[in-house]
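S.K.: Right, I'll just put the structure down here and ask away after.
The values are calculated or read from the model by the stated rules, or taken from the named source; none is laboratory data. Quantities reported herein were computed from a predicted structural model and do not represent experimental measurements. In this analysis, Cβ positions are derived from the backbone assuming ideal geometry, glycine residues included, and neighbour counts consider all displayed protein chains. Protein only, heavy atoms only, side chains kept; ligands, DNA and RNA dropped before computing areas. Shrake-Rupley method; radii C 1.70, N 1.55, O 1.52, S 1.80 Å.
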Amino acid sequence: MFSLWVIAENDLLNSKTPYDLRETGQGLHRVQPAPNLFNAINALLQSTKAELGKWVGLERIHLGDNQVPNAFHFIDKYGQISRIVVPILRVLEHVDTLMEDPQMAAYIKAVSYTHLTLPTKRIV
């Protein structure tokens, strides 16, 4: 992630790609292309697809458009994913251990949907 920050800063400060101040539907923003960050993200996407062998989802990289106006917005927006997903993954990793405590097991069973099996690592 650090290397993406460096690339983003270089794109933001590049005088060959000036910004355009415009209304994006989300307010007035500095819309600026970030070709180096785009190439780096595209390379990450391609290597991830190759590693997984299968890709579910869109391959469109929004950068320098109305959805993600510039490199800073891209890094900020997608940097939040790990802050959302990692705590969920940590809980799921510990469900089996939590189920060993009778009181915790009773709580998990009480709040789980009765027609579903108990949450496990299979969710991820």
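S.K.: Give me the one-decimal nm value for the distance between modelled label points at ILE88 and LEU21, 7 Å along each residue's Cα-to-Cβ direction.
M.R.: It works out to 3.9 nm between the two label points.
S.K.: Right, next: Report the extension gain between LYS77 and ASP96 in nm, rounded to one decimal, defined as 0.36 nm multiplied by the number of residues separating them, less their alpha carbon distance. All intermediate terms of the calculation are to be shown ahead of the outcome.
M.R.: On the way: separation 19, 0.36 × 19 = 6.84 nm, distance 3.24 nm.
Once the chain is fully extended between LYS77 and ASP96, it gains 3.6 nm.
S.K.: Out of these labelled values of percent of Cα pairs over 26 Å apart, (i) 39; (ii) 30; (iii) 44, which was calculated from the coordinates shown here?
M.R.: (iii)
S.K.: Another one. Counting pairs of alpha carbon atoms under 8 Å apart in space and at least six apart in sequence, what relative contact order in percent does the chain give? Before the final figure, lay out the partial values.
M.R.: Values: 108 pairs, mean separation 26.5, N = 124.
21 percent.
S.K.: How would you order 3-12, 85-94, 69-78, 31-40 from highest to lowest mean count of nearby Cβ atoms within 10 Å?
M.R.: Working: 3-12: 16.2, 85-94: 11.2, 69-78: 20.2, 31-40: 18.7.
Answer by packing, highest mean first, reads 69-78, 31-40, 3-12, 85-94.
S.K.: Accessible area, 1.4 Å probe, largest first: how do LYS49, LYS16, LYS54 sort? Let's see the in-between values first.
M.R.: Numbers: LYS49 50, LYS16 175, LYS54 145 Å².
Descending accessible area places them as LYS16, LYS54, LYS49.
S.K.: Can you compute the charge dipole magnitude of the chain about its Cα centre, using +1 on each Lys and Arg Cβ and -1 on each Asp and Glu Cβ, nothing else charged? Give it in debye, rounded to the nearest 20. Write down the numbers at each step before the final one.
M.R.: On the way: 12 positive and 12 negative charges, 42 e Å.
That gives a dipole near 200 debye.
S.K.: Per residue, how much accessible area does the chain have with a 1.4 Å probe, in Å²?
M.R.: Working: 9280 Å² over 124 residues.
Averaged over the residues of the chain, the accessible area is 75 Å².
S.K.: Only Lys, Arg, Asp and Glu count, each charged at its Cβ (+1, +1, -1, -1), so figure out the dipole size of region 17-87 about its Cα centre, rounded to 20 debye. Each step should come with its number before you reach the end.
M.R.: Working: 7 positive and 6 negative charges, 31 e Å.
Here the size comes out at about 140 debye.
S.K.: Could you quote the convex hull projected area for region 51-96, Cα atoms only and averaged over all directions, in nm²?
M.R.: 4.8
S.K.: Right, here's the next one. Of THR97, THR24, THR48, which is the most mobile in a GNM of the chain whose springs link Cα atoms less than 10 angstrom apart?
M.R.: Among THR97, THR24, THR48, the largest GNM mean-square fluctuation belongs to THR97.
S.K.: Considering only protein heavy atoms and a probe of 1.4 Å, how much of the accessible area of the chain is carbon and sulfur, as a whole percent? Please report the intermediate quantities before stating the final value.
M.R.: Values: 5510 of 9280 Å².
On the chain, the fraction of accessible area on carbon and sulfur atoms equals 59 percent.
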